[in-house]
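A.B. asks: Can you keep this structure in mind? I'll have questions shortly.
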There are 2 protein chains.
Amino acid sequence: MESNIAVAALSALAHPGRLEAFRLLVRAGSEGMAAGDIARATGSLPNTLSANLNVLAGAGLVQSRRDGRSIIYSAAYERMSDLLAFLVEDCCDGRSEICGPVVEKAARPLCGAPSC
Amino acid sequence: MESNIAVAALSALAHPGRLEAFRLLVRAGSEGMAAGDIARATGSLPNTLSANLNVLAGAGLVQSRRDGRSIIYSAAYERMSDLLAFLVEDCCDGRSEICGPVVEKAARPLCGAPSC
DNA sequence: TCCATATTTCGAGAATAATGGAATGAATTG
DNA sequence: CAATTCATTCCATTATTCTCGAAATATGGA
């Protein structure tokens, strides 16, 4: 992942409303959530939310598809994964004596995962 | 980690110059780097860099100590770890079938680490 | 076609962030 | 103490971002 793409992703997430919306989508899984439901869940105005979802989409962190009158947004797990990988790669640079514990701690909540 | 702290950290990293400086510090390890060396390495003006380091420090991502005329900055690994954990925790929410691969991929470059 | 629902786009005003020049503050050296 | 170096703070300008009301677009149903 290139640095400017990482900056775009970090930038998109560096906003309370967008971070909340993104978390919601990540939890919602691949089926995603309608824009209106996200607006209701986060208590934001439809137009404000739309602008925010657009920023997330521009950073490649979410994608959308139309379903009837609704537009369904879903998390782009691959981009998210790339961002995490970028930060971890950045962290360790081959010397695991410092960053091993960092990643270990981060992965601890995940102990049902294959990597654990 | 609370959401607003995560937003502050993401915000601090969501800037090309700051991200570059932070990466540099993370690579530099606990001994850290003098502000001037960072400025030289990143090609930024001292005052601009100072402002940016201040933002990173405000987000808890770096710390500083004086050594003679120089001020040595170093990465705050624990805060970084907390941020990664926050994103991962957010990601998985107990369902590892989606986010297991996400974290696995992110951790792949790190296979000398204890968690690998 | 007409209407209701769902979402986006447009536009403007307010707030916030980024940049760089100049001055200031600390520490070392002679 | 004077000179030098390293870094920060102050300040003004410019640029960007955020938010919300109002209008517009798209879909489905009566």
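A.B. asks: Could you identify which residue out of B:Gly68, B:Gly17, B:Gly36 has the top mean-square fluctuation in a GNM of chain B using Cα springs shorter than 10 Å?
C.D. replies: B:Gly68
A.B. asks: Write down the accessible area per residue of the protein assembly as shown in Å², having rolled a 1.4 Å probe over the full set of protein chains.
C.D. replies: Values: 10890 Å² over 232 residues.
I get 47 Å² per residue for the protein assembly as shown.
A.B. asks: Gaussian network model of chain B, Cα springs within a sub-10 Å range: biggest mean-square fluctuation belongs to which of B:Leu49, B:Leu25, B:Leu84?
C.D. replies: B:Leu84
A.B. asks: Ignoring any ligand, DNA or RNA, what whole percent of the accessible area of segment A:1-75 comes from carbon and sulfur when the probe is 1.4 angstrom?
C.D. replies: Carbon plus sulfur share of accessible area: 49 percent.
A.B. asks: State which helices in chain B qualify, where a helix is a whole DSSP H run, it must extend 20 Å or more along its own axis by its Cα atoms, and its mean Kyte-Doolittle hydropathy must be at least -1.0.
C.D. replies: B:77-92
A.B. asks: From the label point of B:Ser50, set 7 Å along Cα to the beta carbon, how far off in nm is each other copy's matching point, shortest first?
C.D. replies: 4.6
A.B. asks: Per the Cauchy relation, a quarter of the hull surface: what is the mean projected area of the convex hull of the alpha carbons in the protein assembly as shown, in nm²?
C.D. replies: So the mean shadow area of the Cα hull is 12.6 nm².
A.B. asks: Tell me: how much accessible area in total is hidden between B and A, 1.4 Å probe, Å², nearest 100?
C.D. replies: 4300 Å²
A.B. asks: Along Cα-to-Cβ, 7 Å out, sits the label point; list in nm, shortest first, how far the one on A:Ala34 is from those in the other copies.
C.D. replies: Those label-point separations list as 6.3 nm.
A.B. asks: What residues have an amide H closer than 5 Å to that of B:Ala34, excluding those fewer than 5 places away on the same chain, when H is modeled at 1.01 Å from N in the peptide plane?
C.D. replies: Sorted by chain and number, the residues that satisfy this are B:Tyr73.
The values are calculated or read from the model by the stated rules, or taken from the named source; none is laboratory data. Bear in mind that the values here come from a model prediction, so they are computed numbers and not experimental data. Positions of Cβ are backbone-derived with ideal geometry, glycine not excepted, and every protein chain shown enters the neighbour counts. Remember, those area values only see protein heavy atoms, side chains included, never the ligands or the DNA or RNA. Shrake-Rupley method; radii C 1.70, N 1.55, O 1.52, S 1.80 Å.
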